[in-house]
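Let me begin by presenting the structure, written as structure tokens, before commenting on it.
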Amino acid sequence: MRRLRWLVPYLFLLPGGVWLLVFFAIPMVTMLSVSLQEGSLGAGYALTFNFGIYPEVIERWSTQFLRSIQYGFIVTVLALAIGYPMAYTIAFRGGRYKNILLLLVILPFFTSYLIRTISWKFILADNGFVLGTLKEIGLLDAGFRLLATPVAVISGITYNFLPFVVLPLYVALEKIDPRLIEAATDLYASRLQAFLRVTLPLSLPGVFAGSLLSFIPAVGDFINAELLGSRNTTMIGNVVQRLFLTNNDFPQAAAISFLLMGGILVGIYFYARALGNEELTR
Amino acid sequence: MSQREQETDLERAIARAFARGRYSRRAFLGRTGRGLLVAGSALSLPSILAACGIGPQASPTPGATNGNGNGGTGTLDWANWPFYIDQDEDTGESDTINQFEEETGISVNYREVIEDNESFFGTIQPSLAAGQSAGWDMITPTDYMCQRLIRLGYLQELDWSQLPNVEANIDEVYRGRPLDPNNQYLVPWQSGFTGIGYNIELTGREITSMDDLWNPEFEGRIGMFREMRDTFNFALLRNGVNPTEATFEDAGRAAESLLEQAPLVRNYYGNEYTDGLANGDVALTMAWSGDVYQLQLDNPNLRFVIPDEGGNLWVDNLCIPTGAANPEAAHQMMNFVYQPEIMAQISSYVQFISPVPAARDVLAESDDEEEQALAESELIFPSEATLDRVYGYPDLSDEAEEARWLELFQGVVQG
């Protein structure tokens, strides 16, 4: 029996490995295969190794790609700007209320993503209780609207992914030993300097994790653009949705998905290098 | 470079294994395993890619996977459009469905899940292509989608022996239609017009022409449909082309007109345009005849008009997808609604064109004044003059042709 001990680590890896294989590796390969096929619903698809589809797709949908990345970037910056003070307050000043505050941050997740986004449709409605009231008071003119603009889409996505930023930031900030800050102030650092030179660098793993968790889904998001946006806010996710469900153009949709994934991977690689080799699991 | 360095890892490992008897298998496998893994996957990748194909999506034998149902009991899963059946304002329930459930004992799961044909097709296509049930016993797509479903073999043939009421009461015009010459698959549900729905309070005047949909005066308050056929039809009509005779060049010009219009459009809607119209997001939008009249009950400022340039005439059909669990119940529902009294009840609410001419007599003889007026309604029983002003859709039964039009349209809707 002892001879089989070398097998044990592999057995532990097996569930995870199988899961990765079935739900990640195989779909990846299938999607790559589909993207290289040509055909139609009725006539069937044939693998023709049509690599030409990738340059076509880049050329055709470059606006939507860039727009999605731009939105994702803005969303991440906004989410960090809003989430960092939140996480900082909860971690350092939370005291007894830490758990309740964290619960309040996660509370919106008790409802479905779709319903949260639809509720934004009501909040931002042209003559709803927010804009309508402001218009009646006279702060806004009657033609002003937020829905069907990029502002609405970005706000919706930021709101939806804010908890994903707050939680990793909280975890990273909570780990910081307050005595380090004390030590910094003992050495004649001002509060701001202590923050910039002690707290901020130590919280970078949280910033890295949070920004990934908000940027990646934000780039691929389509629900906010569909419900809150218009033609001019079309993101790459909407394009894939229409190609797949309406046009039944599976190869093009698969190619876009693959490109998006590849692009994000490359971007994240450089981001990780830029942030230094921080240990994420400390 | 010395000879040793030129040797690959593999060769070195082998050499070492023979030179030192105690070279463990693990170390050997570790070095070579990596190389073999890479080589193996590189060699087998093309064949793996080829195996991960999508086969032809058409079902080989239409109707081969019929469920045998429960012979008149059980549940009926019916997918339909919103605003498409009589509905009590207070309870939200449908008299027609309640009566059906009482009479037959079948419980009806009526879901208003169809917002536009194309996305609904997208939801049922994967299951039907795999030969499985799509989860519906009866669905209500529009003509062209029915044509596609028939072509792909996704619909079951109807058993007309179970449909005596349909046989007796159906309008003659629906027998032997080009898309279903022997009436094997489809039973018309309702027919209707696509025109312009508008809020007279927001537009400030009556709307009669399609040019107003292109009018910069209404910038940001205009709605169009995200379904290719309806919207392209409007653009073709505005350019003076008869849609049923349109060529791809005509479609190109229509797409240009639509691109001109795009900055003025608030959004491209499916059936949810009714929300936009009702709450004032849009001042005027493409609309379906019956929807607007149902919205009028709550907001008398809403109007519907068939534009001067022309409108669209479409037919929605009841049909049974393959793999349906309870096709008997579907047949019973079809038979039930084709009684003139029931169809009159439905028409008086939905205000779409009824496929049962006898329903008109039922309404005319009713005690209710409102219902008597409906018997004369142009929307439910249109006159020849009205029917002359509306057009059908281009014939895009050829997949490749349809794909080109869809691609063109995607450029309009998504840029």
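Read-outs: derived from the displayed coordinates by stated rules, not from any lab. Because the structure is predicted, anything quoted here is derived from the model rather than measured. Cβ coordinates were reconstructed from backbone atoms using ideal geometry, including for glycine residues, and neighbour counts include every protein chain displayed.
Some points to look at:
- Peptide A:236-246 has a mean shielding of 4, counted as Cβ atoms of other protein chains within 10 Å of each residue's Cβ.
- Euclidean distance of C-alpha centroids, the stretch B:153-223 and the stretch A:120-168, integer Å: 36 Å
- DSSP-assigned coil residues among trypsin sites (Lys or Arg not before Pro) in the stretch B:118-213, each with at most 16 further Cβ atoms within 10 Å: B:175, B:205
- Local electrostatic count at residue B:294 - Lys and Arg +1, Asp and Glu -1, tallied over other residues with Cβ under 12 Å: -4
- Counting every other Cβ atom within 10 Å of each residue's Cβ, B:232, A:109, B:120 order from fewest to most as A:109, B:120, B:232.
- Cα gyration tensor shape of the stretch A:55-173, rounded if a/c is under 1.5, else prolate or oblate by comparing a/b with b/c: oblate
- In order along the stretch A:83-91, phi translates into HN-Hα couplings of x, 5, x, 4, 5, 4, 4, 5, 6 Hz, rounded to whole numbers, per the Karplus curve 6.51 cos²θ - 1.76 cosθ + 1.60 with θ = phi - 60° and x for Gly and Pro.
- Residue order for B:104, B:8, fewest other beta carbons within 10 angstrom first, comes to B:8, B:104.
- Extension gain for the segment residue B:256 to residue B:99, taken as residue separation times 0.36 nm less the Cα-Cα distance, is 51.5 nm to one decimal.
- When A:170, A:54, A:269 are arranged by Cβ crowding within 10 Å, least crowded first, meaning fewest neighbours, the order is A:269, A:54, A:170.
- Rounded, prolate or oblate (a/c below 1.5 giving rounded, otherwise prolate when a/b exceeds b/c) for chain A by Cα gyration tensor: oblate
- Residues with amide H under 5 Å from that of residue B:318, placed H, sequence gap 5 or more: B:187, B:189
- Full-stretch length increase - residue B:15, residue B:297 - with 0.36 nm per residue and alpha-carbon distance subtracted: 92.5 nm
- Once you reduce the stretch A:17-71 and the stretch A:219-260 to the center of their Cα atoms, the two points are 12 Å from each other.
- Taking A:214, A:68, A:40 in turn, the Gaussian network model of chain A (Cα-Cα springs below 10 Å) assigns the largest fluctuation to A:40.
- Here the 3J(HN,Hα) profile of the stretch B:115-129, calculated from phi with Karplus coefficients 6.51, -1.76 and 1.60 at θ = phi - 60°, is 9, 8, 4, 5, 6, 5, 4, x, 7, 9, 4, x, 5, 5, 5 Hz, Gly and Pro shown as x.
- Spin-label pair residue A:179-residue A:122: with each label point 7 Å from Cα along the Cα-Cβ axis, the two points sit 5.2 nm from one another.
- The calculated pair-distance distribution of the protein assembly as shown uses every alpha carbon pair, bins of 10 angstrom beginning at 0, and gives 3, 12, 19, 21, 19, 13, 8, 4, 2, 0, 0 percent.
- Straight Cα distances below 30 angstrom link residue A:98 to the lysines A:175, with same-chain residues fewer than 8 positions distant left out.
- At an R0 of 45 angstrom, the distance between the Cβ atoms of residue B:365 and residue B:272 translates into a FRET efficiency of 0.75.
- Annotation: lysines with alpha-carbon distance below 16 angstrom to residue A:121 (same-chain offsets under eight excluded): none found.
- FRET efficiency estimate (nearest 0.05) - Cβ-Cβ, residue A:54 to residue A:270, R0 30 angstrom: 0.90
- In sequence order, calculated HN-Hα J values of the stretch B:258-273 (Karplus, 6.51, -1.76, 1.60; Hz; x Gly/Pro): 5, 5, 4, 6, 3, x, 8, 7, 6, 6, 9, 9, x, 5, 6, 4
- Here's the list of aspartates and glutamates a cross-link from residue A:135 could span, going by alpha-carbon distance under 20 Å and ignoring same-chain residues fewer than 8 apart: A:126, B:201, B:219, B:281.
- Proximal charge balance of residue B:253 [Cβ under 12 Å; K/R count +1, D/E count -1]: -3
- Here residue A:97 and residue A:73 are evaluated by their C-beta separation; at R0 = 35 Å the FRET efficiency comes out at 0.60.
- Under 5 Å from the amide H of residue B:226 lie the amide H atoms of B:269, B:270, each residue being 5 or more positions distant or on a separate chain, with H modelled from the backbone and absent for Pro and chain starts.
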